[in-house]
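Here the structure comes first, spelled out in structure tokens, and everything after it is commentary.
What follows is calculated from the coordinates using simple rules that are stated; it is not laboratory data. From a predicted model like this one, the values you see are computed outputs, not experimental measurements. Cβ: placed from backbone, ideal geometry, glycine included. Neighbour counts: every protein chain shown.
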Amino acid sequence: MDLSKFHPTRRGFIRSVLLASGFAPALLSLVARAGAAEAAQLPIKAGVQELVGDVRLNGRPAKVGQVVRPGDVCMTGAESSCVIVLGEHVYLLREMSEVEFYPELFEEAAEAASALSGSIKMAAGAMLAVFGKTDTSIVTPMATIGIRGTACYTSIEPERTYACVCYGTADLASAVSGQALETVFSRHHDMPRYIYGPDAPIAIEKAKVIDHSDAELRMLEALVNRIPPFDEPGAPPYTRYDPAFKP
């Protein structure tokens, strides 16, 4: 593939795609989609975009193209993953994850699929998500992450929840006590946090950026005809969180 005609950020994206495990065939089609989106807006395809391994939707094997609706539960097995578009939001579920999408819809947005708002329940695993306009709460056993139109990587561990607001604003709170802990604003993975349960000596602490990349964010945003804010004209040339990126 001739990479010379692509913008440097696209070339980094493509290189990471070529190295991606499992998702390579699907992501290569997204590269074409991302490049074409610069000339014309393409229709957003809803539902399961790609899957690897054992992925189940409401207990049954999922299929590419299958529509995901509010209230549906997606589970991934070992060495499995999937990408899902729901409204203007896109989700990448890693292995051994269990996510219930919008079992509760916020009344003011219940009929607006493009601006779907409500709660997402994560029982296990890890998820990278990019959101359009929304008022969404990601709820884990330890934490509630109030999304206000942003990107977020969430990972559940036995004694804590990891949350990195990749860009945008989010309200972090304890899911057990409901106590508000911190409101974070991030331009580019600026304020990752660990959130602990009620028996821990601390409720929240700073963390490092782990287990997600800018290449993945570019891929997810391309599915809904967007680019991350750090790729917008005039944005600082951040690359430190994306080891696959090469200008």
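Any idea what the relative contact order of the range 96-238 is, in percent, if you count C-alpha pairs under 8 Å spaced at least 6 apart?
Numbers: 324 pairs, mean separation 21.1, N = 143.
Relative contact order comes out at 15 percent.
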In the range 116-157, which residues have a backbone nitrogen under 19 Å from the label point lying 7 Å from Asp190's Cα in the Cα-to-Cβ direction? 131, 146-153
What order, most packed first, do the peptides 190-196, 69-75 have when packing is the mean number of other Cβ atoms within 10 Å of each residue? 190-196, 69-75
Based on DSSP, what percent of beta bridges with both residues in the range 110-210 are antiparallel, to the nearest 5? 90 percent
Could you give the Stokes-Einstein D for the range 48-195 in µm² per second, using the C-alpha Kirkwood radius, 10 °C, 1.306 mPa s? 105 µm²/s
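Which FRET efficiency value, to the nearest 0.05, is calculated for Arg148 and Glu79 with the Förster distance at 41 angstrom and r the Cβ-Cβ distance? Spell out each step's value before the answer.
Details: r = 34 Å, r/R0 = 0.82.
Plugging the Cβ-Cβ distance into 1/(1 + (r/R0)^6) gives 0.75.
Answer rounded, prolate or oblate for the range 159-211, using the Cα gyration tensor with square roots of eigenvalues a ≥ b ≥ c: rounded when a/c is under 1.5, else prolate when a/b is larger than b/c, else oblate.
On the way: a/c = 2.63, a/b = 1.56, b/c = 1.69.
Cα axes put the range 159-211 in the oblate bin.
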If the chain between Ala180 and Ile202 were fully extended at 0.36 nm per residue, the gain over the current Cα-Cα distance would be 6.6 nm
